[in-house]
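Here's the structure, in structure tokens; my notes come after.
The values are calculated or read from the model by the stated rules, or taken from the named source; none is laboratory data. Treat the numbers as computed from the prediction; the structure is a model and nothing was measured. Please note: Cβ atoms are built from the backbone with ideal geometry, for glycine as well, and neighbour counts cover all protein chains shown. The area values use the complete protein model at the heavy-atom level, side chains included, leaving out ligands, DNA and RNA. Shrake-Rupley method; radii C 1.70, N 1.55, O 1.52, S 1.80 Å.
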Amino acid sequence: MNTIDTAPATAAERYEIGSRAADGRYPVAVDGKPTGHVYRWHGGWYAVAPGQPETRHDDRHAAAAHLVDLVDSGAVEPGAAPAETAAAEAGIVPWLSPKLKPTRRNIISAAIAFGRIAELAWKPEDEEGNPTGYPGSDNPWDLTCELDGKTVVRWWSHMRGRNGDNTPRPKYRHEGCIPFEEQAGKVAALVGEPVTICPCQQDTHPTTADTADDLLKRAERARRADDTEALRQLLTQLLGPCPASSARGQAMKELKERGQRTKS
């Protein structure tokens with residue numbers, strides 16, 4: 001006599017995680033119906049569903065399984081969420097992720113990152129040419145390779161190197177890029193001689209530690225006073241595109257080192 005397996009499907013069999021969208025979120029379908037999204041942030045994975053608070057989980061599968069639990073509890077109705085992700089949240093400026101507060105520490109880290117990726121011939125842009133804000137060191141960041149124009153997901157913690165080694169990982173840049181042996185020469189040709197003084201006419205970007213420090217202090221005062229317009233202008237000077245972004249990054253590094261010496 002043949003028996004039929006009537007055991008209920010496990011959570012892992014009921015959810016499907018889609019491809020990563022431009023805003024870094026992965027759509028999740030439960031029982032074949034759009035239900036919510038999951039995304040990675042600072043080492044954790046978050047589950048998002050309509051009308052429910054975001055919850056943190058150890059990995060993407062645990063986050064997706066939580067959406068199954070919400071469906072089973074009746075808290076979320078499958079199919080109520082759109083198949084596509086919501087529009088990316090807008091921040092005060094496009095060069096800093098809206099999930100990062102415009103604090104002195106975050107601004108310094110962002111400026112250092114922008115300076116270094118410019119030296120490596122990367123642009124903080126998505127496939128449509130829109131600016132992608134600095135998301136922090138261990139979060140996915142859409143960057144466009146200037147060697148072949150392809151947009152890929154990278155992590156700043158990988159690009160800055162580790163333990164004093166300034167070599168970015170992976171060394172081959174990304175899949176499908178120009179041959180590895182040609183990369184260094186093309187990067188050097190694209191980047192050219194370093195620009196040490198900001199040539200911008202509309203906004204003057206700092207290239208010395210003292211000038212950057214003054215702007216950072218003003219930005220902190222504007223943030224505490226909730227003066228959005230003043231803060232936006234200051235963040236444009238501190239983080240906006242500039243041919244001298246490498247020099248600005250070096251100035252920020254000096255400020256960071258000053259702060260570390262003061263604490264020690």
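So, of the residues in the stretch 163-185 that are of a type in the set (D, E, K, R) and surrounded by 10 or more Cβ atoms within 10 Å (Cβ to Cβ), which turns out to be nearest to Ser137 (Cα to Cα)? If we take residues in the stretch 163-185 being of a type in the set (D, E, K, R) and surrounded by 10 or more Cβ atoms within 10 Å (Cβ to Cβ), then Arg169 is nearest to Ser137 (Cα to Cα).
In the condition set (1) touching a Pro at 6+ places or on another chain (Cβ under 8 Å); (2) not in a strand (DSSP E or B), Gly51 is compliant with all but (1). Among the residues of the stretch 6-54, those identified as modelled with pLDDT of 80 or more, among the hydroxyl-bearing types (Ser, Thr, Tyr) and either more than 16 Å from Val153 (Cβ to Cβ) or surrounded by 13 or more Cβ atoms within 10 Å (Cβ to Cβ) (or both) are Thr10, Tyr15, Tyr26, Thr35, Tyr39, Tyr46.
Taken over the stretch 104-130, the criterion of being under 14 Å from Cys145 (Cα atoms) and assigned to a helix (DSSP H, G or I) is satisfied by Phe114, Arg116, Ile117, Ala118, Glu119. The listed residues are Leu216, Leu143, and the only one of them that is in contact with a Phe, Trp or Tyr (Cβ under 6 Å, 6 or more places away or on another chain), open to solvent by less than 30 Å² (accessible area, probe 1.4 Å), under 24 Å from Lys253 (Cα atoms) and hydrophobic (A, V, I, L, M, F, W, C) turns out to be Leu143. Considering only residues of the stretch 146-162 that are over 22 Å from His42 (Cβ atoms) and not hydrophobic (A, V, I, L, M, F, W, C), which is most open to solvent (accessible area, probe 1.4 Å)? The residue in question is Lys150.
Any residue at all in the stretch 247-260 that is closer than 19 Å to Tyr134 by Cα, assigned to a loop (DSSP other than H, G, I, E, B), open to solvent by less than 40 Å² (accessible area, probe 1.4 Å) and not hydrophobic (A, V, I, L, M, F, W, C)? For the stretch 247-260, residues closer than 19 Å to Tyr134 by Cα, assigned to a loop (DSSP other than H, G, I, E, B), open to solvent by less than 40 Å² (accessible area, probe 1.4 Å) and not hydrophobic (A, V, I, L, M, F, W, C): absent.
Being under 17 Å from the mean Cα position of the chain (by Cα), within 21 Å of Ser246 (Cα to Cα) and assigned to a loop (DSSP other than H, G, I, E, B): is that true of Arg169 here?
yes
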